[in-house]
Amino acid sequence: MIPKRNRPDHDGKHRPQYERNKKIIFATQNVCAICGKPVDFSIPYPDPMCATVDHIIPIAMGGHPSDLDNLQLAHFKCNRLKGQDLNAKKNGPPIRSSNRALVLSADWKTA
């Protein structure tokens, strides 16, 4: 059995500051920082379009868990699609770094 991993923004010393900054973000931002579309705060969790806080630099990659400069508003769906991808475009769909993002416009028959 794999032990549950504790995140410092979920439980630990960063939780109170994270909660304060989450309230600031929800009060001051209304557009998803990943897709650029409006966020409807009346949509409840776990709906894909509900409001969440995204860590710009993921905690697993050294991002601060509760610093306001590392947090932004995002749809739950956009946040999950972004995951730990640091190359996600701001105000556009996430850029996936997997091999699924191959160019499809090339003429493969003549290559």
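Here is how the numbers come out for the structure above:
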read-out	value
Two-decimal Rg/Rh across segment 15-87, once Rg and the Kirkwood Rh are taken from alpha-carbon atoms	0.94
Theoretical FRET efficiency, 1/(1+(r/R0)^6), r = Cβ-Cβ of residue 47 and residue 85, R0 30 Å, to 0.05	0.85
Potential extension, residue 37-residue 24 segment - 0.36 nm per residue separation minus Cα distance	2.8 nm
Förster-model FRET efficiency, 35 Å R0, residue 77 and residue 13, C-beta, rounded to 0.05	0.70
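Read-outs throughout are calculated quantities, based only on the coordinates presented, and are distinct from any laboratory measurement. Bear in mind that the values here come from a model prediction, so they are computed numbers and not experimental data. All Cβ positions, even for glycine, are placed from backbone atoms using ideal geometry, and neighbour counts span all protein chains on display.
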